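Please treat every number below as a calculation from the coordinates, not as lab data. Since this is a predicted model, take the numbers as computed values, not measurements. With ideal geometry, Cβ positions are generated from the backbone for all residues, glycine too; neighbour counts draw on all protein chains shown.
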Amino acid sequence: MTLVITKATWAALQAHAVATYPDECCGMVVDRNGSEETAPVTNIQNDLHAQDPGQFPRTARTAYTMGPEAAPILIAAERGVLCLRAIYHSHPDHDAYFSAEDRMQALGGWDEPNYPDAAQIVISVRNREVLAAKAFAWDAAQRDFAEIALTIR
């Protein structure tokens, strides 16, 4: 399996990762009427941590929670108005890998992902420079996420 994104999408993902560094960025890649779009979303993890550090021990430096502007996009995807192709986030000062925290976030507390057809893109950014990105997809047979090819065209 391969996730193919446009050069414009890749440029937007890189710009978002660099702009939010040293915090994690987050957002989505969607297809609306045959046109690929990026939907950057605010990472509200720092706000959650400030309100309740016991429940939210991680800051935006090592975690993300999508802000309220994600809801209309996800609702549009559920209604078939657009196709949710991928969910992305960055790993500041870490490699591009699908961590246990990433898996937990993608599963949303369930045994299967909330959006099983959407790939997960993880972007490694260090010192405001994107070093790598990897994509992962839900493997229903393995009941886990597996790395897939990420192609930029």
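For D93, the residues whose modelled amide H falls within less than 5 Å of its own, excluding neighbours fewer than 5 places apart on the same chain, are V125, R126, N127. In order along region 101-112, phi translates into HN-Hα couplings of 5, 4, 4, 4, 5, 5, 7, x, x, 10, 8, 10 Hz, rounded to whole numbers, per the Karplus curve 6.51 cos²θ - 1.76 cosθ + 1.60 with θ = phi - 60° and x for Gly and Pro. The alpha carbons of region 69-115 stretch over 35, 24, 17 Å along the principal axes, in descending order.
Rounded to the nearest whole Hz, the Karplus-based 3J(HN,Hα) values (6.51 cos²θ - 1.76 cosθ + 1.60, θ = phi - 60°) of region 17-22 follow the sequence 4, 5, 5, 8, 3, x, with x at glycine and proline. Taking the fewest neighbouring Cβ atoms within 10 Å as the starting point, the ordered list for E147, E24 is E147, E24.
Near the amide H of V41, within less than 5 Å, lie the amide hydrogens of C26, G27, M28, all on another chain or at least 5 residues away, with H placed in the peptide plane. Each residue in C25, C83 was given a count of other beta-carbon atoms within 10 angstrom of its own, and listing them fewest first yields C83, C25.
Taking 25 °C and 0.890 mPa s as conditions, the chain diffuses translationally at an estimated 157 µm²/s according to Stokes-Einstein applied to its Kirkwood radius (Cα pairs).
Measuring from label point to label point, each 7 Å out along Cα→Cβ, what is the A15 to Q51 span in nm? Once both label points are built, they end up 3.0 nm from each other. Computed on region 44-132, the Cα convex hull volume stands at 118 Å³ per residue.
In the chain, the DSSP beta bridges split such that about 70 percent are antiparallel, to the nearest 5. The relative contact order of the chain comes to 27 percent, based on Cα pairs under 8 Å that sit 6 or more residues apart.
With θ taken as phi - 60° and the Karplus curve 6.51 cos²θ - 1.76 cosθ + 1.60 applied, the whole-hertz 3J(HN,Hα) list for region 83-100 is 10, 7, 8, 7, 10, 10, 7, 10, 10, x, 6, 9, 6, 8, 9, 9, 7, 4 Hz, x standing for glycine and proline.
Close amide H pairs (under 5 Å, H built 1.01 Å from N) link I87 with V29, A119, Q120, I121, residues at least 5 positions away or on another chain.
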